[in-house]
Ligand SMILES: [Zn+2]
């Protein structure tokens, strides 16, 4: 950040800020990652932002390296108080851009998400002495539900069972009780409700879908006309800023290796990353130029 000509500071939460001047327009991402994660998730967005800032020496802007995105984006809540605009570059963490043969994509929103559990009750019994027809096997009912969850996902929505708790969980006992996790995501609130209804469960945790908007999104579209537009199924720092009312946009960089992420197989090419630096540089310059030209003359620097 210092080499890019930014004034560096750190807050008590450990977030790192690099600023030039008034810094109303910001870019950046997170530096923490998951255990056994890859090198690109988060870190790429910080490096690309610093590179862009280094090219825009005459532009007042800020770069942030958040901490603790993966455990709940606390840093991004702090930044929401500072910027007029935020642009986050991030790896796609999925295979869509690779399948399309496109290096970059513009994120138009972040999918809504709900989570909950469903419990199936049966009757524990001896695996060697209880005839099949006499059993009340909770896992058989849970297995039908897992298939039902998968079949319910449509219209861009996703539904996943990722964890089962089988009680008593012994090889020689017919399962008495099974608790099934459900994770449902959809680009729109309406789509989310339809999926919850189709699956038939009560969510215990919910995050509404969030749209990207305003000058940052317009700038990305202007710099990258015709680029594919995607809804992110994963949460990001940008989501917190957008939810706090900051005009926010995201640029996805193609993830190679089938979209591998949260794994050491995460990979994006040097060519794609270089393109992302070009696009971010132009977009930040455009957002700041438009912001300045909208100010009354006596407030311009
Ligand atoms: Zn990330």
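The values are calculated or read from the model by the stated rules, or taken from the named source; none is laboratory data. Here the structure is a predicted model, which is why all the values come from computation and not from measurement. As a convention, Cβ positions derive from the backbone with ideal geometry for all residues, glycine included, and neighbour counts pool all protein chains shown.
Do the conditions hold for residue 271, that is, is it in contact with a strand residue (DSSP E or B) (Cβ under 8 Å, 6 or more places away or on another chain) and either more than 16 Å from the ligand (Cβ to nearest atom) or assigned to a loop (DSSP other than H, G, I, E, B) (or both)?
Taking the combined requirement at face value, the residue does not satisfy it.
Any residue at all in segment 258-269 that is more than 18 Å from residue 107 (Cα to Cα), free of Cβ contacts under 8 Å to residues at least 12 places away in the same chain and assigned by TED's automatic domain parsing to the domain that holds residue 25?
Checked against the condition, which is being more than 18 Å from residue 107 (Cα to Cα), free of Cβ contacts under 8 Å to residues at least 12 places away in the same chain and assigned by TED's automatic domain parsing to the domain that holds residue 25, segment 258-269 yields no hits at all.
Taking segment 40-59, which residues are under 15 Å from residue 264 (Cα atoms) and surrounded by fewer than 24 Cβ atoms within 10 Å (Cβ to Cβ)?
40, 43, 44
Tell me whether segment 19-28 contains one or more residues that are within 16 Å of the ligand (Cβ to nearest atom) and in contact (Cβ under 8 Å) with a residue 40 or more places away in the chain. Write out each step before concluding.
The first filter runs over segment 19-28 and keeps only residues within 16 Å of the ligand (Cβ to nearest atom), leaving 27-28.
Filter once more, keeping what is in contact (Cβ under 8 Å) with a residue 40 or more places away in the chain: 27-28.
Checked against the condition, which is being within 16 Å of the ligand (Cβ to nearest atom) and in contact (Cβ under 8 Å) with a residue 40 or more places away in the chain, segment 19-28 yields at least one hit.
Give just the number: which of (1) more than 21 Å from residue 213 (Cβ to Cβ); (2) assigned by TED's automatic domain parsing to the domain that holds residue 219 does residue 1 not satisfy?
Of (1) more than 21 Å from residue 213 (Cβ to Cβ); (2) assigned by TED's automatic domain parsing to the domain that holds residue 219, only one is false for residue 1: (2).
Can you tell me which of (1) crowded, with 17+ Cβ neighbours inside 10 Å; (2) out of contact with any helix residue (DSSP H, G or I) (no Cβ under 8 Å at 6 or more places or on another chain) is the one residue 83 doesn't meet?
Every condition holds for residue 83 apart from (2).
Can you work out which of the residues in segment 155-173 that are more than 24 Å from residue 135 (Cα to Cα) and touching a helix residue (DSSP H, G or I) at 6+ places or on another chain (Cβ under 8 Å) is surrounded by the fewest Cβ atoms within 10 Å (Cβ to Cβ)?
The extreme case among them is 155.
Could you run through segment 111-144 and say how many residues are more than 18 Å from residue 234 (Cβ to Cβ) and assigned to a loop (DSSP other than H, G, I, E, B)?
9
Just to be sure before I move on: is residue 6 within 16 Å of the ligand (Cβ to nearest atom), over 15 Å from the mean Cα position of the chain (by Cα) and more than 23 Å from residue 262 (Cα to Cα) in the structure I sent?
no
Quick one: is residue 169 assigned to a loop (DSSP other than H, G, I, E, B), in contact with a strand residue (DSSP E or B) (Cβ under 9 Å, 6 or more places away or on another chain) and over 21 Å from residue 86 (Cα atoms)?
Working: assigned to a loop (DSSP other than H, G, I, E, B): yes; in contact with a strand residue (DSSP E or B) (Cβ under 9 Å, 6 or more places away or on another chain): no; over 21 Å from residue 86 (Cα atoms): yes.
It is false that residue 169 is assigned to a loop (DSSP other than H, G, I, E, B), in contact with a strand residue (DSSP E or B) (Cβ under 9 Å, 6 or more places away or on another chain) and over 21 Å from residue 86 (Cα atoms).
Restricting to segment 29-39, name every residue that is within 9 Å of the ligand (Cβ to nearest atom) and buried (at least 23 other Cβ atoms within 10 Å of the Cβ).
Matches in segment 29-39: 29, 30.
For segment 101-120, give me each residue that is in contact (Cβ under 8 Å) with a residue 24 or more places away in the chain, more than 16 Å from the ligand (Cβ to nearest atom) and within 18 Å of residue 266 (Cα to Cα). Don't jump to the end; show me each part of the working.
Kept after step one, since they are in contact (Cβ under 8 Å) with a residue 24 or more places away in the chain, are these residues of segment 101-120: 102-120.
Right, trim to more than 16 Å from the ligand (Cβ to nearest atom) and you get 102-104, 106, 108-109, 112, 114-120.
Residues satisfying the conditions are 102, 103, 104.
Give me the residue from segment 213-237 that is within 16 Å of the ligand (Cβ to nearest atom) and more than 18 Å from residue 157 (Cβ to Cβ) and, out of that set, nearest to the chain's Cα centre (by Cα).
Within segment 213-237, the match that is nearest to the chain's Cα centre (by Cα) is 236.
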